[in-house]
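Remarks on the structure that follows.
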Amino acid sequence: MDTALPKEKFVGYRCSLCGREFAPGEVTYTCPVDGGNLDVVLDYDSLRQELRPEDIFAAGETSLWRYLPLLPVADPGGLGTTLRAAGGTPVFAPGRLADKLGLRNLWIKDDGRNPTASFKDRASAVLVARARQIGAEVMVTASTGNAGAALAGMAAAVAQKAVIFAPRTAPPAKIAQLLIYGAQVILVDGTYDQAFDLTVQAADEFGWYCRNTGYNPFTAEGKKSAALEIWEWAVQEGRLAKLRDLETRLTVIVSVGDGNIISGLHKGFKDLVALGWLAQTPRIFGVQAEGSAAIANAFFAGNETIVPVASNTLADSISVDLPRDGVRAVRAARQTGGTYLVVSDAEIIAAIGEMGKVGIFTEPAGATAYAGLVKAVHNGQIKPEDPVMVLNTGNGLKDIKAAMMAVPEAPVIEPSMAALKKII
Ligand SMILES: *Cc1c(COP(=O)(O)O)cnc(C)c1O
Ligand SMILES: [Zn+2]
């Protein structure tokens, strides 16, 4: 199924636990020996010889597909569809938030502006490309909502069949998206973790191609595109970097549930280092909700042992009992001089309000990264001179109930000036 072109940049996988290497056609999901997450290995030597950053910068495509030469998939086709529109998200400089925090350089990259309104589009777009390449007819994923919406939307764009398992407690807007995109939607009367296990069994039994986060090695490859964009932004803006060297080390802050986004970002920066296009990776800070902090716990324990928790947070997108990409997520912070932060639901809600005031509307899991920044500044872990990039991972319209907790109710008045004057 996976007979590569004679000179394929995607050369195989390496297990993140045991280091064993596998050829592209040899494995599909995790390490057959120990269940470890697999890193996609590219042919860095020939990429380095054949490709220059300028070739990427000259790409016509503005979406994540401008990085196709660094992605382990073939061009997915689907021109003129939302599949081609994932990534390429804007970076804002929210001056008032920077002033309030006493930071000289603060940016927010808004991945809530992806086609299905979350960061997950990056992974799902690359997964749909992979499915087309290997001739998979049906794709399946477990999801707290966003990964499913992303897969449903990207799949619909190119008439690929998708089956989505989500907890029945997912926010209604996310369930609506799944249904509107025409996926086969199955709501599980249980947790995300239970839905996860069920999809793995179903994929096995029915021969479906499973996109599950932290299980399918290609999700991190899609997610690494955000790191490539941050790098290109830094180089192009000339703000932080000469072509090969980040002058001042950037700190990237992101929320963490399964740990796949943070692992994907780390992979993207490592790929750039391997190509000689980046001197050192930015520091990566992960932020977890107090009620779902299995990865932060391992980080603070100084090991890589992920002990499941009974998750309880209103940030549904990062509510995970057993993170599926925990080991690599611990390393993303540890190996880059970063750290983990843990924030309460109240701090997350407050962060939704703060970001809203500069025109960025986030769902709770998106605001979690900003809540972590506030804490890191107060703790002195981020200093005024440190340049910081906060990643907003999801749009606020995804979870209106949580948004309304961040603001007072609007007054209702009779339509008269007299009534208006009473409240103004
Ligand atoms: C999935 C998700 C996350 C966390 O990503 P993980 O890979 O599970 O760590 C954060 N924010 C939003 C909005 C998400 O949908
Ligand atoms: Zn292994």
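Values for this structure:
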quantity: DSSP beta bridge pairing in the chain, given as percent antiparallel to the nearest 5; calculated: 30
quantity: Cβ charges +1 (Lys, Arg) and -1 (Asp, Glu), total dipole of the chain, debye; calculated: 880
quantity: Debye, to nearest 20: dipole size of the stretch 318-424, +1 on Lys, Arg Cβ, -1 on Asp, Glu Cβ; calculated: 160
quantity: Cα-derived Rg to Rh of the stretch 98-185, Kirkwood definition; calculated: 1.13
quantity: Ranked Phe361, Phe10, criterion: other C-beta atoms within 10 Å, fewest first; calculated: Phe361, Phe10
quantity: Value of Rg/Rh across the stretch 318-417 [Cα atoms, Kirkwood radius]; calculated: 1.08
quantity: Cα gyration tensor of the stretch 257-358 - equivalent ellipsoid semi-axes, whole Å, descending; calculated: 25, 18, 11
quantity: Ellipsoid semi-axes in whole angstrom, largest first, where each is sqrt(5λ) of the Cα gyration tensor of the stretch 163-236; calculated: 29, 17, 11
quantity: Candidates per GluC sites (Glu not before Pro) in the stretch 316-418, loop by DSSP, up to 11 other Cβ within 10 Å; calculated: Glu385, Glu409
quantity: Of the DSSP H helices in the chain, those whose Cα atoms cover at least 15 Å axially and whose Kyte score averages 1.6 or more; calculated: none
quantity: Inter-label distance, nm, simple model (7 Å from Cα along the C-beta direction), Asp189/Asp75; calculated: 5.0
quantity: Where only C-alpha atoms are counted, convex hull volume of the stretch 260-318 per residue in Å³; calculated: 96
quantity: When the stretch 171-305 is reduced to its Cα atoms, the Kirkwood hydrodynamic radius in Å; calculated: 17.5
quantity: Within a Gaussian network of the chain (alpha carbon springs, distance under 10 Å), most fluctuating of Lys120, Lys357, Lys270; calculated: Lys357
quantity: Hull-based mean projected area of the stretch 1-70, where the convex hull spans the alpha carbons, in square nanometres; calculated: 5.9
quantity: Column: log10 I(q)/I(0), Debye, Cα scatterers of the stretch 42-110, q = 0.26 Å⁻¹; calculated: -1.13
quantity: Value at 222 nm in deg cm²/dmol, rounded to 500, when DSSP H runs of n ≥ 4 in the chain each add -39,500 (n - 2.57); calculated: -11500 deg cm²/dmol
quantity: Cα-Cα P(r), the stretch 333-386, percent of pairs per 5 Å interval; calculated: 4, 20, 26, 21, 19, 7, 2
quantity: Rh (Kirkwood; distinct C-alpha pairs) - the stretch 1-158, Å; calculated: 17.8
quantity: Whole-Å semi-axes of the chain's equivalent ellipsoid (Cα gyration tensor); calculated: 32, 26, 21
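Since every read-out is calculated from the coordinates, none of them should be taken as a lab result. Just so you know, these numbers come straight off a predicted model, no measurement behind them. Cβ coordinates were reconstructed from backbone atoms using ideal geometry, including for glycine residues, and neighbour counts include every protein chain displayed.
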